[in-house]
Amino acid sequence: MPGMPGPLVLPRPGEGEAWILIEDSVVTLIASYRQRLLGDSEAGGVLLGYRRHKHLHVVHATTPDQEDARARFSFDRLDESHARIASKHWALTDRRCDYLGEWHTHPERSPTPSGIDRREWRKIYEHRSQPLLFWIEGTECRWIGLAHKSRLVVVGSSVEGVGQV
Ligand SMILES: [Zn+2]
């Protein structure tokens, strides 16, 4: 479609010809939760999509629901809808559309993971053999990391429309 930005394509660190592909609909959806106003609370959810060889393809993100604990400087993903939606995608795609990671917002222009973020993420990735993405959406920039084999590496962070992320 003319004028559509298209998916975000990022090289997967340390993997040569492997890519992280994020559908434009996901980028737009997450950007819609940017904490632009002082009263905006953090938002978050899970990332869903496909693993093809070493490539990751993010096609869907869940969004905050009623039981999630949202504050200006914290987001706790407590609502069961995130797991329910992930299970539904898993079942409807013959177990191909998988859990690919987590996203949440920060009320800062150029976000970086907090100590709490790193501790909580580690609990998720340290016992998994598959790579997972961790995404923080700031008010103007985003930070995306990839955890694999108990290591978290930065995939990219920059201003939207200028850099690659
Ligand atoms: Zn955070």
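Here the Gaussian network model covers the chain, with springs between Cα atoms less than 10 Å apart; of 77, 122, 12, 122 fluctuates the most.
Any chance you could check the Cα centroid distance between the range 27-87 and the range 123-138 for me, in angstrom? Going from one Cα centre to the other spans 13 Å. Adding -39500 (n - 2.57) for every DSSP H run of four residues or longer, then dividing by how many residues the chain holds, sets the calculated 222 nm ellipticity at -5500 deg cm²/dmol.
A Cβ-based charge dipole, computed about the Cα centre of the chain with Lys and Arg at +1 and Asp and Glu at -1, lands at about 540 debye.
The H on the amide N of residue 74, modeled in the peptide plane, is under 5 Å from the matching H of 42, each at least 5 residues off or on a different chain. Under a 5 Å amide H cut-off, with hydrogens placed 1.01 Å from N, residue 156 pairs with 144 among residues at least 5 apart or on other chains. Couplings for the range 46-53, taken from phi via the Karplus curve 6.51 cos²θ - 1.76 cosθ + 1.60 with θ = phi - 60°, read 10, 9, 10, x, 10, 10, 10, 6 Hz in order; Gly and Pro are left as x.
Across 133, 100, 37, mean-square fluctuation computed from a Gaussian network of the chain (C-alpha pairs under 10 Å connected) peaks at 37.
Pairs of Cα atoms nearer than 8 Å and 6+ residues apart set the relative contact order; for the chain it is 20 percent. Residues 20, 124, ranked from the fewest to the most other C-beta atoms within 10 Å, line up as 124, 20. Sorted ascending by nearby beta carbons within 10 Å, beginning with the fewest, 59, 27 become 59, 27.
The phi torsions of the range 24-39, fed into the Karplus equation with coefficients 6.51, -1.76 and 1.60 and a -60° offset, translate into couplings of 4, 4, 6, 4, 5, 4, 5, 4, 5, 9, 3, 8, 7, 9, 4, x Hz, rounded to whole numbers, with Gly and Pro shown as x. The order of 62, 139, 28, 93, going from fewest to most other C-beta atoms within 10 Å of their C-beta, is 28, 93, 139, 62.
Considering all different alpha carbon pairs of the range 8-159, the Kirkwood hydrodynamic radius works out to 15.5 Å. Normalised by the number of residues in the range 1-89, the average gap of Cα pairs under 8 Å and 6 or more apart makes the relative contact order 23 percent.
FYI, it's all coordinate maths here, none of it is from the lab. Note that this is a predicted model, so its numbers are computed, not measured. Because the Cβ atoms are built from the backbone with ideal geometry, glycine has one as well, and the counts that use them run over all protein chains shown.
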